[in-house]
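Every number here is computed from the coordinates shown, using simple stated rules; none is lab data. Predicted, not measured: the structure shown is a model, and the values here were computed from it. Every residue, glycine as well, gets a Cβ built from its backbone with ideal geometry; the counts of neighbours run over all protein chains shown.
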Amino acid sequence: MPARGLFITGTDTGVGKTLVTAGLAAWRRARGLDTGVMKPIATGGVRLPASLRSAQAGRGGRWISPDALVLSQVSGAVDPLPLVNPVCYREPLAPYAAALRSRQPVEWPRAVQAFEALAARHPFVLVEGIGGLLVPLTRRRTVADFIRALRLPVVVVSRLRLGTLNHTLLTVEHARHAGLRVLGVILNAVEVPAFGDGARLAERTNAAVLRACLPVPVLGVLPHRPALATPRALAAWVSRLDPNFLSWLMSAGG
């Protein structure tokens with residue numbers, strides 16, 4: 001059966017998951033492909049702007065992830081924000097930590113049901129994770145457990161910088177151990193190019209080392225992009241990824 005979507009995880013916080021997810025959504029949108037987007041569980045939320053509030057969005061004062069707003073805008077999908085971002089906390093912490101401090105447990109069923117609702121509205125849904133695979137969502141459940149519940153293949157976004165080898169290999173090893181289907185790794189130059197001969201050399205060689213050591217493909221190296229841009233620019237940015245992966249992305253959900 002064709003995949004209902006794709007889960008974009010990362011080796012860490014701040015590796016560019018939102019940017020990559022937005023780029024993939026923009027790339028599909030440019031080809032006229034119906035695509036839903038989702039940030040199921042988030043922290044560091046902001047109050048939903050009054051201009052975006054509606055009966056569908058729930059009562060005023062609800063927290064919303066800025067990442068979810070970006071994904072909705074870039075994808076062109078018009079879905080109720082409680083489906084795009086069903087669980088969001090104000091404090092910028094790991095979800096379980098934010099849940100403990102707010103005394104509001106992560107509503108796991110609500111997040112899963114939101115995905116199912118989006119999957120009924122769109123043939124393909126891009127889902128952005130939070131942090132890495134072992135980030136706790138509850139006392140006993142992690143992001144990896146959530147991906148299993150959605151039954152989605154995974155792409156791992158990793159930094160290009162020095163130190164990425166260990167983080168990337170550990171992430172892929174755990175994903176496979178957890179029974180997840182990993183399509184590959186995207187190396188993202190999320191920071192400005194490094195200074196210093198050693199750091200620059202690591203950036204030039206990391207992709208080749210990972211291609212030799214990983215049991216899954218490196219899907220490409222994305223150059224540094226300091227800020228979110230237009231959907232057209234983001235689509236062009238990710239178009240340098242592996243043609244086989246892009247072909248899969250084109251046909252997925254069909």
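Excluding residue 233 itself, what net charge comes from residues whose Cβ is under 13 Å from its Cβ, given Lys and Arg +1 and Asp and Glu -1? It would help to have the intermediate numbers written out before the result.
Numbers: positive: 29, 225, 232, 240; negative: none.
Residues near residue 233 contribute +4 overall.
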TODO: Quick one: angle between helix 164-177 and the longest Cα principal axis of the chain, in degrees between 0 and 90, rounded to 10, please.
DONE: 60 degrees
Open item on the list: Between region 198-224 and region 125-141, what is the separation of their alpha carbon centroids in Å?
Closed with: 24 Å
Task: Estimated 222 nm signal from helices in the chain, with DSSP H stretches of n ≥ 4 weighted -39500 (n - 2.57), rounded to 500 - done: -12500 deg cm²/dmol
Task: Hz values of 3J(HN,Hα) by residue in region 145-157 - Karplus curve (6.51, -1.76, 1.60), Gly and Pro given as x - done: 5, 5, 4, 4, 5, 7, 6, 10, x, 10, 10, 9, 9
Task: Rounded tilt (10° steps) of 108-121 against the dominant C-alpha axis of the chain - done: 80 degrees
TODO: From the P(r) of region 62-142, can you give the percent of Cα pairs sitting at distances over 19 Å?
DONE: 38 percent
TODO: Round to the nearest 10 and give me the degree value, 0 to 90, for the angle of helix 66-75's Cα axis relative to the longest principal axis of the chain.
DONE: 80 degrees
Task: Placed amide H near residue 182: partners under 5 Å, 5+ positions off or other chain - done: 154
- [ ] Take the Cα pairs of region 26-166, get the Kirkwood Rh, then feed it into Stokes-Einstein at 37 °C and 0.692 mPa s and tell me D in µm²/s.
- [x] 208 µm²/s
Open item on the list: Taking the Cα centroid of region 67-106 and of region 160-176, what is the distance between the two, rounded to the nearest whole Å?
Closed with: 26 Å
Task: Other-chain or far-sequence residues with amide H under 5 Å of residue 88's (modelled H) - done: 42
Open item on the list: Amide H of residue 36 versus every other amide H placed in the peptide plane: which residues, excluding those fewer than 5 positions away on the same chain, fall under 5 Å?
Closed with: 124, 125, 126
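Given Cα pairs under 8 Å that are at least 6 residues apart, what percent is the relative contact order of the chain?
Working: 500 pairs, mean separation 69.5, N = 254.
Answer for the chain is 27 percent.
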Task: Distribution of pairwise C-alpha distances over region 118-237, 5 Å bins, in % - done: 2, 10, 18, 20, 18, 17, 11, 4, 1, 0, 0
Open item on the list: Show me, for region 91-98, the HN-Hα J-couplings you get by feeding each phi into the Karplus relation (A = 6.51, B = -1.76, C = 1.60, θ = phi - 60°), rounded to Hz, glycine and proline as x.
Closed with: 6, x, 10, 4, x, 5, 5, 5
Open item on the list: Let me check the size of region 5-251 from its C-alpha atoms; what are the radius of gyration and Dmax in Å?
Closed with: 17.4, 56
